[in-house]
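Structure first, then comments.
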Amino acid sequence: MKISNETKIGALTAVSVTLLILGFNFLKGKSSFSHTKKIYAIFKSVEGMEVSNAALINGLSVGNVSDIHETDKDVNGILVEITLKKDIHIPKNSYATVSPGLITSTAIIINKGDAQEYLHDGDTIATRERPGLITQVQDNINPIVTKLSGTLTSLDSLVEVVGTLFDPRTKNNFASIFTHIAASSASLESMLNAQTGALAKSLKNLDTFTGGLAASKDQITRTVDNLQKASAQLANSRIEETVATLQTTIGELKTTLDKVNSNNGSLGLLLNDKKLYQNLEATSRSLNVLLDDFRVHPKRYVNISIFGKKDKNGYLTSPLADSSSKNR
């Protein structure tokens with residue numbers, strides 16, 4: 001059977017188209033002979049991402065971007081379709097970011113979570129925004145520019161101050177300042193002189209004082225020992241018992257004085273009872289009268305022949321003047 005040229009051309013054309021489609025899908029990351037899993041991600045910006053860009057996990061390419069299109073007419077989001085070419089487990093709490101490359105193409109970075117449930121075919125992975133390289137550089141440059149602006153301002157102020165230093169009126173002030181500095185340095189040098197300086201004299205006096213303390217070390221040691229012994233004896237003495245005994249004695253003395261001040265007891269009555277005092281005074285007066293009468297008229301009380309006959313004169317009723325004045 002002879003095949004015509006038209007049939008050969010048609011068959012070759014069909015094979016060529018098939019190979020072209022398979023090659024195109026291969027370049028897009030699609031495999032026509034293996035079962036693949038697709039997941040989706042929604043970003044606000046994809047920063048130059050194109051179909052067939054890689055999806056990476058820990059730097060390993062696990063898939064490719066198979067489709068990119070907007071979520072609505074206002075382009076509030078961009079839906080990216082990721083075709084996974086490896087049978088791997090991606091936890092449900094994983095998230096994806098867009099990593100714009102400076103040299104290489106833009107890629108999707110999948111950061112794995114720790115959940116025990118995994119994404120299935122057709123699931124949507126969470127996304128997070130990642131600042132681009134230009135944004136990061138700009139964020140780092142802005143503080144530097146701010147500091148540089150402040151430095152330039154300070155430098156401008158310094159230049160103005162330096163400019164005023166060359167004013168003739170200011171030069172005289174600087175000359176006076178340097179003169180005072182020179183005088184101060186001379187005074188400081190004289191004070192620090194090793195032989196006649198005030199500092200040298202102070203150090204010498206301090207050395208003499210410490211030498212005296214060293215010479216009196218034994219006396220100081222004995223004084224400290226005596227103080228320790230005295231404090232030990234004072235600590236060992238029964239001060240609390242002595243104070244308690246003294247308090248008891250004071251209490252008993254107070255009780256005794258209270259009884260003396262009251263009308264209870266002989267001593268209290270003797271001190272506080274006016275009638276007893278008056279009776280004692282009358283008794284004393286009567287005794288004085290009796291003694292005066294005995295002295296003036298002894299024969300009345302003692303009847304002895306040497307005194308003669310018995311004295312019959314009247315008895316005394318009051319003390320004699322001289323005896324009374326001596327007892328009053």
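Observations, loosely collected:
- Any hit, the stretch 75-98, residues being in contact with a strand residue (DSSP E or B) (Cβ under 6 Å, 6 or more places away or on another chain), among the small types (Gly, Ala, Ser) and within 14 Å of residue 50 (Cβ to Cβ): no
- No other residue among 113, 63, 101, 48 is outside the structural domain of residue 22 (by TED's automatic domain parsing), modelled with pLDDT of 90 or more, out of contact with any helix residue (DSSP H, G or I) (no Cβ under 8 Å at 6 or more places or on another chain) and part of a loop (DSSP other than H, G, I, E, B) apart from 113.
The values are calculated or read from the model by the stated rules, or taken from the named source; none is laboratory data. Since the structure is predicted, the reported quantities are computational estimates derived from the model, not experimental observations. With ideal geometry, Cβ positions are generated from the backbone for all residues, glycine too; neighbour counts draw on all protein chains shown.
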